[in-house]
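For reference, the structure is listed below as structure tokens.
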Amino acid sequence: MNERLAFLQEVTPFNVLPHDVLEGTAALLHEVRFSKDTMLYRQEETSMKGVDIIVEGEYESFFYDTAQNRRLAEVHHKGYCYGGVSVLLNKRKSLRTVIAKKGTVVYTLPRNDFRTLCQTYEAFYHYFTLEFSNRMRNDEFAHFFKRTPSFEDSYIASEQLYSRKMESIEHRDIVWCSGTTPVYEAAKIMADHKVSCLFVKNEQQQIAGYVTDITLRDNVIARQADTAQPVQNVMDNPIVSINSQAYVYEAILMMFRTKTRYLLIEHNGQYIGFASRNRLLADQAQSPMAFIQSVRLALSTDELKRRWEHVPEMVIQLLNRGLNAEIVNQVITTVSDTIALKVIEGMIDEMGAPPAKFVFMVLGSEGRKEQTLKTDQDNAIIYEDKANEHREEVRAYFLSFADKVSERLNYIGFSFCTGGFMAKNPKWTHSLSHWKRNYISWMQESVPETVIKFSTFFDCRYIYGDSSIIQELKAFLDEELNKPMEKLFFHMAKNALQYEPPLTFLKTIRTFTVGEQEVFDIKKAMTPITDLVRVYALKHHIFEVNTGERMKALREKEVFDETAYQELMQSYYFLMNMRLKKQASQIVYDKTAPTNYIDPRALTKIERITLKQIFKTIENFQSRIKLEFTNNLFG
């Protein structure tokens, strides 16, 4: 008895119990020894009779996937308690599969006695709920825990698209010719090798372009061009490539963004082959990528409107498969970008070619590739500077163009921005030199109002036009940020502190009344993460637009350590998942307009516990930003 008592005094969380309670607990323990490796529990099948405390040896725990592969395997040693979360929060079913290794000795505390301790001693109880809360912030753990009834079928589909890498795709060998090869010779090479894409190399033996069946049709046959001319005169470019370690879904999304039909696959600095968009899409006939293709092929504004109306159904399907909200955001953004591109290209066909080079930018959440289903238009236009005699003509074209594009997007379902951050607002359609002056004035003036504008327009991404314009603007900003910017960072940090996590003094979720519900605003709960990451990105000249990508870059620069990075990433995308699922459910099931309001009472106990932990994490990071950028921990 004394031996068991001494052991419990060293084991968390039993060491928080009073001494007399611990003595009584020690008397309730049952000792079990294992003379060989033994499977004790199978995930979601075995009912837990109690909580196991390892005395000697080890437990191995893991999830089985549909192919019976072990996922998230962990080894637990002396002092580890297994079963507490399963008893309390999983209807007594073992969360994971567990194997006791040969020679392992455990003490088992009966289930009812364990529950009595939890009901009596809050600190003891919170140890297990906090453990589970932290685990649920791991996307893979949450995926296996929150399986849906159709998991067996849908998981295989999601594995193929979202877990399969390009190295596993059967790629085509690269067939090439030199740039000086006559066009008719290039066509003969394509016919002989039965390929629809022929790559073209320059004098340095680097791939400089490519020729497809469509290239020959549009650039040679339709123009009755000379077939003896060098193929480099008619080839297409630029070349688009992807690493063999990238995922299939990333490759397809890249193809849609760059409008390329063929993607070179790179491994260790060398091109090992190429993949076609049609082949990848054929392999994913029921996937969201096929849906994106249908958007790209839409023939009318009404058809685009109908496609956008189906996006919430797709979002529910993806989230129910257990996909990370980061991936779902990318899919929504790609659909949105594809629609915008169709509208822009259609308007140019109607109005005629623009009188100057330009870019059409998206801002805010769309600019960060974090679009949700409650969205409005945030966009702007930058056009190249022209001589004085052409300025009015150029400006008149783009203002008319912006107005018509915004009207059409509004009809499709992207409502007008209530704050006026749209290209149809004459303030946000200007020449490149005017935009540079905008940024200078915002950075130099640096009052709360201008900082909001700067933040909005820092989260910008061009989706159409001449990339050199946006590159010049970013180079300009990079140089400007080398100047003293303490005032700018101070106000941006203050902006990041504007929204406090909705936690009361007693660490419960603070709500307000909307109709008959007590809710919190999940968008405002997420905003501090977006804002504080943006401040650090600016400070360290990181021009990634996506919050997740900014966090990764900050981790690489060691601005965030691994713990901080993981906490922020997992917190942000847990909230994003909850936000997307709520909005999609409102549209699809409730047939109501989406909102950002969440009623904590509608959440599971696990979700509420996880939210509280996330809000504490955000509070900690806000304290850090107070100290680093305002030099004041208390204000």
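Values for this structure:
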quantity: Net length gained if the chain between residue 480 and residue 175 were fully extended (0.36 nm per residue, minus Cα distance); calculated: 105.2 nm
quantity: Stokes-Einstein D for the stretch 490-533, Kirkwood Rh over Cα pairs, 4 °C, 1.567 mPa s (µm²/s); calculated: 112 µm²/s
quantity: Stretch gain in nm, segment residue 407-residue 113, where the contour uses 0.36 nm per residue and the Cα spacing is subtracted; calculated: 99.3 nm
quantity: Shape parameters for the stretch 418-479, alpha-carbon atoms, Rg then Dmax in Å; calculated: 11.8, 33
quantity: Dipole-positive endmost among 488, 190, 289 within the chain (Cβ charges, Cα centre); calculated: 289
quantity: Estimated dipole of the chain in Debye, rounded to 20 [Cβ of Lys and Arg +1, of Asp and Glu -1, Cα centre]; calculated: 980 debye
quantity: The chain - mean residue ellipticity at 222 nm from DSSP helices (-39,500 (n - 2.57) per run, n ≥ 4, rounded to 500); calculated: -15000 deg cm²/dmol
quantity: Pairwise centroid distance, computed over Cα atoms, of the stretch 524-569 with the stretch 187-262, Å; calculated: 37 Å
quantity: Stokes-Einstein translational diffusion, the chain - Kirkwood Rh over all Cα pairs, 0.890 mPa s, 25 °C, in µm²/s; calculated: 87 µm²/s
quantity: Sequence-separation-based contact order of the chain, relative, with Cα cut under 8 Å and 6+ spacing, percent; calculated: 10 percent
quantity: When the stretch 288-359 is reduced to its Cα atoms, the Kirkwood hydrodynamic radius in Å; calculated: 13.5 Å
quantity: Farthest toward positive dipole pole in the chain [+1 Lys/Arg, -1 Asp/Glu at C-beta], among 358, 502, 627; calculated: 502
quantity: Base-10 log of normalised Debye intensity for the stretch 582-624 (one unit scatterer per alpha-carbon) at q = 0.21, 0.24, 0.33 Å⁻¹; calculated: -0.78, -0.85, -1.02
quantity: Inverse of mean 1/r across different Cα pairs in the stretch 262-386, Kirkwood, Å; calculated: 16.8 Å
quantity: Label zone at residue 35 (point 7 Å along Cα-to-Cβ), backbone N below 15 Å, the stretch 87-110; calculated: 102-105
quantity: Cα gyration tensor category, rounded, prolate or oblate, for the stretch 2-136 with a/c compared to 1.5; calculated: oblate
quantity: Residue-span extension gain [residue 3 to residue 305] - 0.36 nm each, minus C-alpha spacing; calculated: 101.5 nm
quantity: Value of relative contact order over the stretch 486-630, rounded to a whole percent, pairs C-alpha under 8 Å and six or more apart; calculated: 35 percent
quantity: Extent along principal axes [Cα atoms of the stretch 187-313; Å; largest to smallest]; calculated: 51, 41, 23
quantity: Peptide ranges 346-354, 43-51, 299-307, 534-542 listed from the most packed, as the mean C-beta count within 10 angstrom indicates; calculated: 534-542, 43-51, 299-307, 346-354
quantity: Per-q log10 I(q)/I(0), the stretch 74-118, q = 0.22, 0.26, 0.29 Å⁻¹ (Debye; single scatterer per alpha-carbon; no solvent); calculated: -0.88, -1.12, -1.24
quantity: Cβ charges +1 (Lys, Arg) and -1 (Asp, Glu), total dipole of the stretch 486-630, debye; calculated: 200 debye
quantity: With Cα atoms, 0 to 90° folded angle of helix 605-625 axis to the chain main axis; calculated: 70 degrees
quantity: Per-q log10 I(q)/I(0), the stretch 157-262, q = 0.14 Å⁻¹ (Debye; single scatterer per alpha-carbon; no solvent); calculated: -0.61
quantity: Kirkwood hydrodynamic radius over Cα pairs of the stretch 400-535, then Stokes diffusion coefficient at 20 °C and 1.002 mPa s, in µm²/s; calculated: 121 µm²/s
quantity: Helix 486-496 vs. the chain, principal-axis angle (Cα, 0 to 90°, nearest 10); calculated: 60 degrees
quantity: Where labels lie 7 Å past Cα in the beta-carbon direction, separation of residue 563 and residue 56 in nm; calculated: 3.4 nm
quantity: Nearest-ten-degree value, helix 432-445 long axis tilted from longest Cα axis of the chain; calculated: 40 degrees
quantity: Cα coordinate range in the stretch 486-630, projected on the principal axes (Å, largest first); calculated: 45, 33, 27
quantity: Tensor-based shape of the stretch 336-401 (alpha-carbon gyration tensor, a/c under 1.5 rounded, otherwise prolate or oblate); calculated: prolate
quantity: For the stretch 2-136: relative contact order, % (alpha-carbon pairs under 8 angstrom, 6 or more apart); calculated: 33 percent
quantity: Dipole of the stretch 277-389 [Lys/Arg +1, Asp/Glu -1 at C-beta], most positive-end residue of 304, 330, 379; calculated: 330
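Each value in this text was obtained by applying a stated rule to the coordinates, not by laboratory testing. As the structure is a computational prediction, the values presented were derived from the model and not from experiment. As a convention, Cβ positions derive from the backbone with ideal geometry for all residues, glycine included, and neighbour counts pool all protein chains shown.
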